[in-house]
Amino acid sequence: MLVKVYGSAVFGVEATTITVEVNVASGIGYHLVGLPDNAVKESSYRIAAALQNNKLKLPGKKIIINMAPADLRKEGSAYDLTFALGILAASQQIKADNISDYLIMGELSLDGSLQPIRGALPIAIQAKKEGFKGFILPEQNAREAAIVSGLEVYGVKNITQVIDFFDKGLDLERTVINTRETFYNDLNNLEYDFADVKGQESIKRCMEIAAAGGHNIILIGPPGAGKTMLAKRLPTILPPMTLQEALETTKIHSVAGRIKDSIGLMSQRPFRSPHHTISDVALVGGGAYPQPGEISLSHNGVLFLDELPEFKRGVLEVMRQPLEDREVTISRAKFTVTYPSSFMLVASMNPSPGGYFNDPGAPVSSSPFEMQRYLSKISGPLLDRIDIHIEVTPVPFDKLSEERRGESSVNIRERVTKAREIQNTRFADVDHIHYNAQMGPKQIREFCKLEDSSKLLLKTAMERLNLSARAYDRILKVSRSIADLEGSESIKGDHISEAIQYRSLDREGWLA
């Protein structure tokens with residue numbers, strides 16, 4: 001007897017429905033076709049043990065399972081439940097007249113219990129699009145899939161529940177969540193807060209400007225100055241994610257298998273901080289079966305690279321294209337996968353190999369040659385994509401011992417959100433540009449016009465401070481963000497003068 005059951009395969013952040021055709025006929029053997037990988041091929045052993053331990057059996061007949069489309073590679077162990085139900089229905093051990101109404105996925109343990117799968121959210125989105133009545137999957141993934149309204153989602157603990165559902169008509173418990181309510185309830189549950197940071201008022205101001213315009217930023221300072229503490233709090237002052245952004249972000253983390261059981265929809269912006277030993281593939285994504293890398297996992301959030309010069313130069317260079325295009329394309333001989341990667345880059349570094357610079361009381365000093373070799377690890381093209389360079393100095397004792405708390409992240413976020421709304425209105429008619437950091441030469445000419453006095457100020461600063469040519473556009477972009485924070489339509493002299501302060505690495509004496 002021939003039975004058709006439906007599963008799904010995930011490529012990139014999109015799912016493709018897979019038709020699993022199970023044919024049980026006279027003869028002997030177990031044949032699995034349709035380009036399965038080793039994890040899919042090994043399913044027969046898991047299925048046989050799971051059925052035996054639940055008082056069922058793998059029929060001693062010729063079983064042929066075809067996964068269509070047959071030219072698409074299938075990978076992973078998530079088809080175990082799909083195959084098992086198909087075999088039981090085709091061998092007439094259970095009745096399953098309405099099995100084709102449901103999309104079924106799950107990895108089987110040898111006792112018949114179910115293990116979580118990857119990509120539940122994109123699979124659920126595709127299932128709804130193709131008109132399936134419901135989606136049966138492990139209970140650990142149920143909340144994630146239930147984000148999709150209009151699709152019945154059933155989270156199950158073991159194969160017996162699914163068998164009883166089809167064979168005996170017993171009800172499964174449907175998972176229902178109010179996506180909007182859950183999303184908005186968790187929106188302001190911030191783990192970190194800028195109120196915890198003592199002193200560093202100028203750096204907080206700098207972070208606010210970076211958040212307002214979506215600018216990439218690099219923090220330069222000695223060990224213990226608070227660079228990492230400040231970076232961790234940046235996501236808390238970025239504008240709250242929209243529902244669409246939350247869905248995009250959750251899809252990527254779902255594909256990578258990074259969604260916690262208790263979380264349905266991600267409502268907080270991601271913060272990723274990879275170690276400096278990371279490979280280029282782990283950073284941008286890839287592998288034999290491409291998976292999203294750290295820059296895609298930080299989509300709509302912050303990517304923090306601590307001790308930037310310690311990263312391999314080749315690893316840093318692969319970020320140049322994603323920083324411009326806001327997406328990563330991974331090409332293989334037979335297919336191409338694109339992952340979104342619109343993130344804010346926050347980097348930190350010591351000013352010298354020893355960690356201290358121009359400090360006569362420093363425990364370790366570095367020669368000019370060592371300094372130059374250390375700083376030259378960061379290429380000009382990469383620095384080109386970082387708008388703000390700011391020096392972080394250690395906090396004095398009297399500031400550290402203060403009882404007074406600083407301004408909270410919620411208050412700073414309100415100002416940042418207002419500035420972003422101004423930018424959304426400004427760029428409403430421009431495709432692919434949503435905030436100041438994304439402006440090209442054309443938009444800079446149109447939206448960053450300067451008065452004569454401001455032009456003279458910028459000219460004088462560039463000459464006196466030996467600022468490079470690449471600093472010019474960056475200063476204009478940052479000054480536009482400062483003006484937006486103040487609600488000013490025009491860029492004034494004080495906006496320009498503040499933006500000039502944020503180009504430390506362009507000054508003579510830092511980089512050649």
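The values are calculated or read from the model by the stated rules, or taken from the named source; none is laboratory data. Please read all numbers here as calculations on a predicted model, not as lab measurements. Quick reminder, even Gly has a Cβ in these numbers, built from the backbone with ideal geometry, and neighbours come from all protein chains shown. Accessible surface areas use protein heavy atoms only, side chains included; no ligands, DNA or RNA. Shrake-Rupley method; radii C 1.70, N 1.55, O 1.52, S 1.80 Å.
Given the Cα-Cα distance of LYS41 and ALA282 and 0.36 nm per residue of separation, how much length would full extension add, in nm?
Gain in length upon complete extension: 84.1 nm.
So what J values fall out for the stretch 49-57 if you push phi through Karplus, 6.51 cos²θ - 1.76 cosθ + 1.60 with θ = phi - 60°, rounded to Hz, Gly and Pro as x?
For the stretch 49-57, the Karplus curve yields 5, 5, 5, 4, 6, 10, 6, 10, 8 Hz.
Quick one: how many Å² of HIS31 are accessible to a 1.4 Å probe, rounded to 10?
80
Can you tell me the 0 to 90 degree angle between the C-alpha axis of helix 80-90 and the longest principal axis of the chain, rounded to 10?
20
What is the extension gain from THR242 to ALA469, computed as 0.36 nm multiplied by their sequence separation minus the C-alpha to C-alpha distance, in nm to one decimal?
78.1 nm is the gain from fully extending THR242 to ALA469.
Taking +1 at the Cβ of each Lys and Arg and -1 at the Cβ of each Asp and Glu, which of GLN501, PHE132, ASN53 sits farthest along the dipole of the chain towards its positive end, judged by Cα position relative to the Cα centre?
Checking the options against the dipole of the chain, the answer is ASN53.
Any idea which of LEU297, LEU243, GLY314 is furthest toward the positive side of the dipole for the stretch 237-322, if Lys and Arg beta-carbons carry +1 and Asp and Glu beta-carbons -1?
The residue sitting farthest along the positive end of the dipole is LEU243.
Just report the Cα centroid separation between the stretch 286-325 and the stretch 439-494, whole Å.
29
Relative to the first principal axis of the alpha-carbon coordinates of the chain, what is the inclination of helix 243-255, with its axis defined by its Cα atoms, in degrees from 0 to 90 and to the nearest 10?
Roughly 60 degrees between the two axes.
Mind checking the angle between helix 120-129 and the chain's longest principal axis? C-alpha axes, 0 to 90 degrees, to the nearest 10.
Between the helix axis and the principal axis of the chain, the angle is about 70 degrees.
If you take the Cα atoms of the stretch 383-424, find Rg, then find the Kirkwood Rh from the mean of 1/r over all pairs, what is Rg/Rh?
Over the Cα atoms of the stretch 383-424, Rg/Rh equals 1.13.
In nm², what is the average projected area of the convex hull enclosing the Cα atoms of the stretch 152-237?
For the stretch 152-237, the mean projected area of the Cα convex hull comes to 9.9 nm².
Suppose we keep just the alpha-carbon trace of the stretch 225-282; what are its Rg and Dmax in angstrom?
13.6, 37
Using every pair of alpha-carbon atoms in the chain, split the distances into 10 Å bins beginning at 0 and state the percent of pairs per bin, rounded to integers.
4, 17, 23, 20, 14, 11, 7, 3, 0, 0
Taking the Cα centre of the chain as origin and charging only Cβ (+1 Lys, Arg; -1 Asp, Glu), how large is the dipole, in debye to the nearest 20?
800
Compare TYR374, TYR289 by solvent-accessible area with a 1.4 Å probe and give them largest first, with all protein chains kept in place.
Heavy-atom accessible area, descending, gives TYR289, TYR374.
What is the gain in length, in nm to one decimal, between GLU486 and LYS449 on full extension, counting 0.36 nm per residue of separation less the C-alpha to C-alpha distance?
Result for the pair: 11.6 nm of gain on full extension.
If amide hydrogens are placed 1.01 Å from N in the peptide plane, which non-local residues have theirs closer than 5 Å to the one on GLU391?
The list, which skips near neighbours in sequence, is ILE220.
So for the pair GLU201, LYS133, with labels modelled 7 Å out along Cα→Cβ, what separation do we get in nm?
For GLU201 paired with LYS133, the spin-label model returns 6.7 nm.
Stokes-Einstein at 4 °C, 1.567 mPa s, Kirkwood radius from Cα pairs: D for the stretch 80-169 in µm² s⁻¹?
Answer from the Stokes-Einstein relation: 99 µm²/s.
Roughly how large, in nm² to one decimal, is the mean projection of the convex hull of the alpha-carbon atoms in the stretch 16-135?
7.1
Mind giving me the FRET efficiency for GLU181 and ALA25? R0 is 35 Å, r the Cβ-Cβ distance, nearest 0.05 is fine.
E between GLU181 and ALA25, to the nearest 0.05, is 0.10.
Can you give me the distance in nm between label points at LYS157 and SER109, each placed 7 Å from the Cα along the Cα-to-Cβ direction?
In this crude label model, LYS157 to SER109 measures out at 1.1 nm.
If I ignore ligands, DNA and RNA and count only protein heavy atoms, how much of GLU130 is accessible to a 1.4 Å probe, in Å² to the nearest 10?
Estimated to the nearest 10 Å², GLU130 gives 100 Å².
May I ask you to rank ARG445, ARG73 by accessible area, largest first, using a 1.4 Å probe over the protein chains only?
Listed by decreasing accessible area, they come as ARG445, ARG73.
Determine the distance separating the Cα centre of the stretch 78-122 from the Cα centre of the stretch 191-254; give it in Å without decimals.
Their Cα centres are 43 Å away from one another.
Taking the highest mean first, how do the peptides 222-235, 331-344, 80-93, 458-471 order by number of other beta carbon atoms within 10 angstrom per residue?
80-93, 222-235, 331-344, 458-471
With just the Cα atoms of the stretch 260-354, tell me how far they stretch along each of the three principal axes, in Å, largest first.
46, 37, 24
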